[in-house]
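Remarks on the structure that follows.
The values are calculated or read from the model by the stated rules, or taken from the named source; none is laboratory data. On a predicted model such as this, the values are computed, not experimentally measured, just so you know. Ideal geometry is used to build each Cβ from the backbone, glycine not excepted, and the neighbour counts take in all protein chains shown.
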Amino acid sequence: MSNIIWKIKSFDELTVPEFHEIIKARIDVFVVEQNCPYHDLDGYDEKAIHLWAEQDNVVLAYCRIFDKGIKYSETSIGRVLTSEKGRGKNLGKQLIQYAVETIENRFKTSEVRISAQDYLLKFYSYFGFEDTGKKYLEDNIPHTEMFRK
């Protein structure tokens with residue numbers, strides 16, 4: 001697993017090619033793979049911290065991180081993905097670990113709320129996220145709100 005580079009940037013720090021690769025990865029996973037047409041450019045990218053792993057300028061794993069009061073009253077992590085090329089390398093675990101550490105360091109809190117696809121509940125529980133019991137369909141995919149104290 002050589003030359004994988006981790007990056008973390010605010011929206012204003014992103015280069016156009018980086019943002020293009022991020023959007024491409026999000027569309028590849030959420031729209032194409034999960035067959036889920038949705039409004040990806042939702043107006044929140046400008047307010048997010050973007051965290052990703054890349055190799056040869058291709059995004060392998062990605063998420064966006066929000067301070068308190070943007071998506072929820074607590075901090076949050078969203079648009080979590082591992083691209084097809086990135087799978088099987090434990091990048092998803094590293095991604096969430098880095099995201100949680102970023103929240104603790106930048107926003108001085110350990111409280112994080114997320115909207116998790118149901119098949120990932122066990123994965124997120126590994127990082128201390130707990131099922132709140134709030135379940136819903138988002139874009140026809142079962143989700144559960146999870147909270148980390």
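Structure data summary
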| item | result |
| --- | --- |
| Matching residues, segment 98-148, being among the polar types (S, T, N, Q) and part of a helix (DSSP H, G or I) | THR102, ASN105, SER125 |
| Residue match in segment 43-51 (condition: in contact (Cβ under 8 Å) with a residue 60 or more places away in the chain, aromatic (Phe, Trp, Tyr) and under 21 Å from GLU145 (Cα atoms)) | no |
| Residues of segment 108-125 classified as over 12 Å from the mean Cα position of the chain (by Cα) and buried (at least 22 other Cβ atoms within 10 Å of the Cβ), total | 1 |
| The lone exception for LEU91 - which of (1) in contact with a strand residue (DSSP E or B) (Cβ under 8 Å, 6 or more places away or on another chain); (2) under 22 Å from LEU41 (Cα atoms) it fails | (2) |
| Subset tally (residues that are touching a helix residue (DSSP H, G or I) at 6+ places or on another chain (Cβ under 8 Å), under 14 Å from SER83 (Cβ atoms) and exposed (fewer than 14 other Cβ atoms within 10 Å of the Cβ)) for segment 17-38 | 1 |
| Residue match in segment 128-143 (condition: within 16 Å of the chain's Cα centre (by Cα), on the phi < 0 side of the Ramachandran plot, surrounded by fewer than 18 Cβ atoms within 10 Å (Cβ to Cβ) and at pLDDT 95 or above) | no |
| Single residue of segment 83-107 satisfying the filter (over 19 Å from ILE22 (Cα atoms) and within 12 Å of the chain's Cα centre (by Cα)) that is surrounded by the most Cβ atoms within 10 Å (Cβ to Cβ) | VAL100 |
| Filter result for the condition that a residue is among the aliphatic types (A, V, I, L, M) and either crowded, with 20+ Cβ neighbours inside 10 Å or within 22 Å of PHE129 (Cα to Cα) (or both), over LEU51, LEU41, LEU14 | LEU51 |
| Residues within segment 54-80 that are closer than 20 Å to THR15 by Cβ and either surrounded by 14 or more Cβ atoms within 10 Å (Cβ to Cβ) or of a type in the set (A, V, I, L, M, F, W, C) (or both), tallied | 11 |
